[in-house]
Amino acid sequence: MAVERTLSIVKPDAVGKNVIGKIYDRFESNGLQIVAAKMVRLSEEVAGGFYAEHKERPFFPALIEFMTSGPVCVQVLEGEGAIAKNRELMGATNPQEADAGTIRADFAESIDANAVHGSDSPASAEREIAYFFAASDICER
Ligand code: IDP
């Protein structure tokens, strides 16, 4: 399997619960390395641009309100099959439907506040990484 990079976000609910380290441990214990990371408070403009594909969905205003409600941790994860591996570790979008032992099953309450984001395809990963990081921000390890 090819080594890939994917964009991950620890969302405001998980940062607020003080479980950043527990979530990072899921990545590091499962073959993913953090090659760039920062904590930021997203503006409405930045959050809206990130989730532009959902702009017409009914949940978009609530999503932006939530994503700007507190700081987030944004990181680039690298590893073999990193995009699918991260999605597997995250679990289903709705934590009530997420498999036991996944990040969302263990740390998230609801579909609105579901602890983490992860790119869902190579094209999204490329766009999302570039949205938050310059090439020079990403460290070779
Ligand atoms: P993903 O985060 O699992 O990739 P997406 O479908 O890309 O899921 O949706 C982005 C985010 O929008 C979700 O993580 C969730 O927070 C929110 N969301 C998606 N669908 C719904 C919904 O039906 N109701 C409320 N929020 C939703």
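Collect the residues in the range 85-105 that are open to solvent by less than 90 Å² (accessible area, probe 1.4 Å), without any contact (Cβ under 8 Å) to a residue 24 or more places away in the chain and not small (G, A, S), keeping them in residue-number order.
Passing the criteria: T93, N94, P95, T102, R104.
Answer yes if at least one residue in the range 71-84 is in contact (Cβ under 8 Å) with a residue 24 or more places away in the chain, open to solvent by less than 30 Å² (accessible area, probe 1.4 Å), within 16 Å of the ligand (Cβ to nearest atom) and assigned to a helix (DSSP H, G or I), and no otherwise.
Within the range 71-84, one or more residues are in contact (Cβ under 8 Å) with a residue 24 or more places away in the chain, open to solvent by less than 30 Å² (accessible area, probe 1.4 Å), within 16 Å of the ligand (Cβ to nearest atom) and assigned to a helix (DSSP H, G or I).
Given the criteria within 9 Å of the ligand (Cβ to nearest atom) and more than 21 Å from S43 (Cα to Cα), does A92 qualify?
Numbers: within 9 Å of the ligand (Cβ to nearest atom): yes; more than 21 Å from S43 (Cα to Cα): yes.
Taking the combined requirement at face value, the residue satisfies it.
Restricting the range 41-55 to residues that are outside any helix (DSSP H, G or I) and open to solvent by 40 Å² or more (accessible area, probe 1.4 Å), which is nearest to the ligand (Cβ to nearest atom)?
Restricting to residues being outside any helix (DSSP H, G or I) and open to solvent by 40 Å² or more (accessible area, probe 1.4 Å), the top hit is K55.
Residues in the range 3-13 that are within 16 Å of the ligand (Cβ to nearest atom) and touching a strand residue (DSSP E or B) at 6+ places or on another chain (Cβ under 7 Å): how many?
Looking only at that region, the number is 7.
For the range 1-39, give me each residue that is modelled with pLDDT of 95 or more, in contact with an Asp or Glu (Cβ under 6 Å, 6 or more places away or on another chain) and not β-branched (V, I, T).
Residues satisfying the conditions are R5, L7, Q33, A36.
So P58 clears everything in (1) surrounded by fewer than 21 Cβ atoms within 10 Å (Cβ to Cβ); (2) in a loop (DSSP other than H, G, I, E, B); (3) touching a Pro at 6+ places or on another chain (Cβ under 6 Å) except one condition, right? Which one?
It is condition (3) that P58 fails.
Among the numbered criteria (1) surrounded by 15 or more Cβ atoms within 10 Å (Cβ to Cβ); (2) over 22 Å from R5 (Cα atoms); (3) within 13 Å of the ligand (Cβ to nearest atom), which one does H117 miss?
Single failed check for H117: (2).
Going by the structure shown, is E128 out of contact with any Asp or Glu (no Cβ under 6 Å at 6 or more places or on another chain), within 13 Å of the ligand (Cβ to nearest atom) and open to solvent by less than 30 Å² (accessible area, probe 1.4 Å)?
Yes; evaluated as a whole, the condition is true for this residue.
The values are calculated or read from the model by the stated rules, or taken from the named source; none is laboratory data. Only a predicted model underlies this, so the values are computations on that prediction, with no experimental measurement involved. Don't worry about glycine lacking a Cβ; one is built from the backbone with ideal geometry, like all the others, and counts go over all protein chains shown. Areas reflect the complete protein model, heavy atoms only, side chains present, ligands, DNA and RNA absent. Shrake-Rupley method; radii C 1.70, N 1.55, O 1.52, S 1.80 Å.
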